[in-house]
Amino acid sequence: MYLGSVNKYKILEVCLSFAMQSNNKPNSERVRYIDFMDRRLLVFVLIVIIGLILSSNLLLSVGKTSQVHDRLRVANQLLLTTQQFQIQYDVSRAAINTFMFLGSDETWEIATQETQKLYRHAEKLAQTDSTQVNIQQQLVADIRMNVNEYILKLPPLRGIRQDTRGVIEGVLSSTETQAANSYRVTNGLANAIQILLQEDNKDKDLIILLQGAQNRWLRIISEFRALLLLRNSRTQQATLAQLEQFKKQWAQVLNSVNEFDILIQNQISDIDKSQKAWIQALPKVINVHLGKRWRTDLRYMDEHLNPIGEKILSSLNAYELNVAEYIETTTNEILALEKKNIIWVFVIMGLIITFSMTMLLIYTRLLAAQQRKRMDVERINTMKTDFLSTISHELRTPLNAIIGFSQLLEMNIDQTLTEQQKLNINEINIAGNHLLHLVNEILDLSAIDSGNINLNMQSVNLCEVLGEAVSLSSTMAEKLDIKINNKISCSTICKVNVDPVRLRQVLLNLISNAIKYNIKGGMVTISVEAKKNMYRINIADTGIGITKQNLTKLFQPFERLGQPNEVEGAGIGLMVTKELVESMHGKIGVISKLDKGSTFWVELVASKD
């Protein structure tokens, strides 16, 4: 039977296309899968959005916490500077008091240096960056102003102290005399009591009187020291009151001691002289220390330096209190922010756990869906294999018979066929061979798709296989007036690791395509070049070329790139060729220019033999 040149393979191509694409999902299963994927994507997007919102809030809170920490650091620095200023002020005052006591040039230099350090500390306090904190800066300005005034008031003190040096030495001498008399009285009372305690006939009444006088004397000395230190009327009155009490108790001691031996009388007499000398000098000492008529240097300090110092301390204490309150407020703010940060962290951790559980659930469902899909694919592949086996049996056997009988008729043994009949028989033979080749390609593609292709990998001389392919393709080339330029010599040895049968199939397919899609009188050029651990075969034609858009469709099944039906083929050969090359660990590609031709190249692994 003769088929039309346009639709003679249509039915077979439709059937085979259905077989190759029958592994698609049923529509209902695909819709369910898409719906599930959409729901998964929606859940994922929602969780990501919530996570981003929570993370941004956490980052903002952490940033704010960092800013508050910076302010707290500045406040702590201010507090430390304030404390250093306080220490330096105390050192400066101690240096001035030392100068007031000794009056030497060396102590004056020390007092001046320490006061200058106080000014530098005030400058440091003013220069500390406090713009970030809410602290009264007017207090710092007051401290600086008072320190400047304090330093300006200090130099006159040196001259005043020198003017009163002589008077001070006299007062100090009087004070030393008082101290000596006080020591003699205190020591004498203790010795008298010890003598009485060692005697056999102890006079307990006298001992009690002496002990009472001793206690009263110690209280006088204590009040007197307070008077020298504080120099006020209260301590003066307390000293005089204790003195009157001591006089009464001492009179009782003198009345009782006449009955004792001479030793205790002498001791009491020494005590009496010392205490009388001390008491006689007491009004003068009190008058000097309390009135300060002779200490113009002390008056200068009380009138000029001490008020300024009190202002400095007052401003400093207020500033330190202000800083301490700010530190307490900032610390509470940091604790609140860190508590908030911890809450955000726990919320985000909960979201992460929820996200993980959701992803686990989705992953479990995806695994189940993939398992069902795998089972469907296996079932469809089984159906496809059965279908192709049926085609192999049902089509190849009749095709072989048709081809065989057409070849017998073409022999025309009895010379009874007309020229038209010979042409028809030749067309039947060509069509049968084409259909058989198409069926074989489909079976190869099916085997590759199912992974059942068997390769016999071995070391092969590429030039020999290439020569065989060129020889088998020469008839087709001569018929279409195409020249084959094989630049490879038969003596050249290029060992590659391939399956020789499949390599021959690849080369025949590429060379036949170069012939079929060439122009009349065109040329096919074949060359081989060595690369690192590879051999590259180039098969170039002088055909019409391939556009850039069609290059992306080149190796897809049943894709003929809009070629006319006069050119034989179903668009399967290049797909099979690509799969075979890659299964032999090679690479395939094409370089094409429109209206200038195409060059298909194949890279194969070089053999180590």
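Which Cα, out of L367, N341, V323, lies furthest along the positive dipole direction of region 318-376 (beta carbon charges, K/R +1, D/E -1)?
Ranked along the dipole, the leading option is L367.
Any chance you could run the full-extension gain for A401 through D270? It's 0.36 nm times the residue separation minus the Cα-Cα distance, nm to one decimal.
Computed gain between A401 and D270 is 31.0 nm.
Tell me, what is the FRET efficiency for I87 and K339 to the nearest 0.05, using R0 = 35 angstrom and their Cβ-Cβ distance as r?
E(calc), rounded to 0.05, equals 0.45.
Anything over 22 Å Cα to Cα? Flag those among K548/K596; K520/K548; K531/K553, in the order listed.
In this structure, K520/K548; K531/K553 lie more than 22 Å apart at Cα.
If each residue of separation counts as 0.36 nm, what is the full-extension length gain between N424 and T296 once their alpha-carbon separation is subtracted?
Stretched out fully, the N424 to T296 stretch lengthens by 31.2 nm.
If you stretched the chain out fully between S233 and V45, how much longer would it get, using 0.36 nm times the residue separation minus the C-alpha to C-alpha distance?
59.0 nm
Would you list, by chain and number, the lysines whose Cα falls below 29 Å from the Cα of K124, excluding same-chain residues fewer than 8 positions away?
Cross-link targets: K64, K153, K311.
Where a number appears in this text, it was derived from the coordinates with a stated rule and is not lab data. Values in this document were obtained by computation on a predicted structure and should not be read as measured data. In this analysis, Cβ positions are derived from the backbone assuming ideal geometry, glycine residues included, and neighbour counts consider all displayed protein chains.
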